[in-house]
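Enquirer: Before anything else, here's the structure in question.
No lab work stands behind these numbers, since they all come straight from the coordinates. Just so we're clear, the structure is a prediction, and the values are computed from it rather than from any experiment. Cβ placement follows ideal geometry from the backbone for every residue including glycine, while neighbour counts extend to all protein chains displayed.
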Amino acid sequence: MTVASSHRSSRRSFLRAAGVVAGGAWLAGCAPTTPAGGGAPAKPASGAAPAAPAAAKPGATVLKVGVLLPYSGVYAVLGESITNGMQMYFDSVNNTAGGRNITLVKEDEGSTPDEGLRKARKLLEQDQVDMVAGTVSSAIAAAIRDPMHESKTIYISANAGLNDLTRARKSPYIFRTAFSNAQPSIPMGEYLVKQGLRRVFVSAADYAAGKESLAAFKEGFLAAGGEIVGEIYPPFPNTDYAPYLTQIAQARPQASYSFYAGSDAVNFVKQFGEFGLNKDIKLCGSGFMLEEDVLPAQGQAALGGISGLHWALNLDNPENRAFTQAYRQKFNKDADVYAMQGYDTARVIVEALNKTQGDTTNKDKLVEAITSVKFASPRGPFEFDPDSHNPIQNVYAREVRESGGKLSNFVIETFPAVKG
Ligand code: PHB
């Protein structure tokens, strides 16, 4: 028994009481609900070093963090990166916060909302976790939102960008350390028009993340006077983009703007190159499509690609230099945006727990502690919007360049303090 039993039983009975939703000012703003460790401690590198780790008290209860991420399927690499980043930060504080030892209970979110929901329920009911970090997929985030909210479990989205998690279906107990799907694309529409790219074909994976990314792009793009010459949504996930690339080529746009991630991004961009599209059409998108996890497999097809994201490997600040160097040292590969999100997720948990001296039972105090966490992240300044719990953060326009024999993203413009 590692978690206070009073907390357990109250949550279990709460979960059993189907359909019961707590009240409060925050909740009044919510839309009706719909279903829908290990490793050696890393030396904290200078600049990214957290506050000196507080040793766990002898006999202190363990803090269980449920980690619900993809360890299989189209987003498996993303799940691994987030886990690595989290573990690296937790190791740097000796896996303790507020006098409690931190332990991770990992579950594969799977590929469908039903699988994700089953795993989330297992973490809550069987493992009795104190909080949940994850998911990668917006579709799965939509499915697990209600059980998290109704059981008053702190749920930190370490990736899933589903806009409504911090908009219409926001909750006092739900936070993001990542982004809303709109966020990386909000400034990119106007930016492309300013670069003279006025005729654009948009395409995206056919689910919430793709649709919300394109909606945000189109809003800025159309307001700036751009013209959408075609819009398509290939199935998610997908391997063969040939019919879609044919449509893009036939429309003769100046640029293509897309949301694809993980192995979808590898396939889309590689095939974009194989079809010879990048000779005449500028490859653009939300940054996941051209991120460090996919660039090595995409190769030259990605060169010159422009994308918007809240981080870049070569972002020049002391925290990012320290983070990317420590990550390379520990995992023998470059960090990516997902690893950075995992790292910051762990930091938010540790700083909040230090503020509450390890207490996770007083939910109001815990919510207040998390909301007030603010720090210099590898991505730039990090703070939560107190109203939505989405981070207010910089978005960077980045260009894929070849440097030192490898492809990587370089910042070409900064859009400061973008709200989701
Ligand atoms: C999402 O489903 O919200 C999602 C998935 C992968 C990404 C970004 C967003 O890279």
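Enquirer: Might you let me know whether segment 365-374 holds any residue that is in a loop (DSSP other than H, G, I, E, B), among the hydrophobic types (A, V, I, L, M, F, W, C) and within 15 Å of the ligand (Cβ to nearest atom)?
Expert: Looking for residues that are in a loop (DSSP other than H, G, I, E, B), among the hydrophobic types (A, V, I, L, M, F, W, C) and within 15 Å of the ligand (Cβ to nearest atom), one finds none in segment 365-374, hence no.
Enquirer: Let me ask something additional. Is it the case that LEU295 is of a type in the set (A, V, I, L, M, F, W, C), farther than 23 Å from ILE186 by Cβ and either surrounded by fewer than 24 Cβ atoms within 10 Å (Cβ to Cβ) or within 16 Å of the ligand (Cβ to nearest atom) (or both)?
Expert: Working: of a type in the set (A, V, I, L, M, F, W, C): yes; farther than 23 Å from ILE186 by Cβ: yes; either surrounded by fewer than 24 Cβ atoms within 10 Å (Cβ to Cβ) or within 16 Å of the ligand (Cβ to nearest atom) (or both): yes.
Criteria met by LEU295.
Enquirer: Here's a check for you: in segment 298-320, which residue that is within 14 Å of the ligand (Cβ to nearest atom) and in a loop (DSSP other than H, G, I, E, B) is nearest to ALA204 (Cα to Cα)?
Expert: Per the criteria, the residue is HIS310.
Enquirer: From the list SER171, SER138, SER203, pick out the single residue that is within 11 Å of the ligand (Cβ to nearest atom) and either of a type in the set (A, V, I, L, M, F, W, C) or crowded, with 23+ Cβ neighbours inside 10 Å (or both). Lay out the reasoning, then the answer.
Expert: Details: SER171 fails: within 11 Å of the ligand (Cβ to nearest atom); SER203 fails: within 11 Å of the ligand (Cβ to nearest atom).
Selected residue: SER138, the only one of SER171, SER138, SER203 that is within 11 Å of the ligand (Cβ to nearest atom) and either of a type in the set (A, V, I, L, M, F, W, C) or crowded, with 23+ Cβ neighbours inside 10 Å (or both).
Enquirer: Then there's this: For the subset of segment 141-159 comprising residues that are closer than 20 Å to HIS310 by Cα and in a loop (DSSP other than H, G, I, E, B), which member is nearest to the ligand (Cβ to nearest atom)?
Expert: ASN159
Enquirer: Quick check on my filter: what residues within segment 325-336 are within 16 Å of the ligand (Cβ to nearest atom) and either in contact with a Gly (Cβ under 7 Å, 6 or more places away or on another chain) or over 15 Å from PHE179 (Cβ atoms) (or both)?
Expert: Going through segment 325-336, the residues within 16 Å of the ligand (Cβ to nearest atom) turn out to be 335-336.
If the condition is that a residue be within 16 Å of the ligand (Cβ to nearest atom) and either in contact with a Gly (Cβ under 7 Å, 6 or more places away or on another chain) or over 15 Å from PHE179 (Cβ atoms) (or both), then ALA335 is the only one that fits.
Enquirer: Filter segment 227-268 down to residues that are under 13 Å from ALA204 (Cα atoms), part of a helix (DSSP H, G or I) and in contact with a strand residue (DSSP E or B) (Cβ under 7 Å, 6 or more places away or on another chain) and give me whichever is nearest to the ligand (Cβ to nearest atom).
Expert: The residue in question is PHE268.
Enquirer: Looking at (1) in a helix (DSSP H, G or I); (2) surrounded by 15 or more Cβ atoms within 10 Å (Cβ to Cβ), which is the one condition that is false for ALA335?
Expert: (1)
Enquirer: Right, here's the next one. Within 11 Å of the ligand (Cβ to nearest atom), in contact with a Phe, Trp or Tyr (Cβ under 8 Å, 6 or more places away or on another chain) and not charged (D, E, K, R): does that describe ALA208? Don't jump to the end; show me each part of the working.
Expert: Working: within 11 Å of the ligand (Cβ to nearest atom): yes; in contact with a Phe, Trp or Tyr (Cβ under 8 Å, 6 or more places away or on another chain): no; not charged (D, E, K, R): yes.
For ALA208, the condition - within 11 Å of the ligand (Cβ to nearest atom), in contact with a Phe, Trp or Tyr (Cβ under 8 Å, 6 or more places away or on another chain) and not charged (D, E, K, R) - is not met.
Enquirer: While we're looking at this one, here's another question. Starting from segment 328-351, keep only residues that are of a type in the set (A, V, I, L, M), then list their pairs with residues that are in a loop (DSSP other than H, G, I, E, B) whose Cβ atoms are within a distance under 6 Å, requiring at least 6 positions of separation or different chains.
Expert: Filtered contacts from segment 328-351: VAL337/GLU291; VAL337/TRP311; MET340/TRP311; MET340/PRO378; VAL348/THR177; VAL348/VAL373; VAL350/VAL93.
A quick yes/no check of all residues on (1) in a loop (DSSP other than H, G, I, E, B); (2) touching a Pro at 6+ places or on another chain (Cβ under 6 Å); (3) more than 16 Å from the ligand (Cβ to nearest atom):
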| site | (1), (2), (3) |
| --- | --- |
| GLU80 | no, no, no |
| ASN84 | no, no, no |
| ASN94 | yes, yes, yes |
| GLY161 | yes, no, no |
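Enquirer: Considering segment 117-168 alone, what residues qualify as being hydroxyl-bearing (Ser, Thr, Tyr) and more than 20 Å from VAL350 (Cα to Cα)? Step through it out loud before you land on a result.
Expert: Looking only at segment 117-168, we keep the residues that are hydroxyl-bearing (Ser, Thr, Tyr), and these are 135, 137-138, 151, 153, 155, 157, 166.
Result: SER137, SER138, SER151, THR166.
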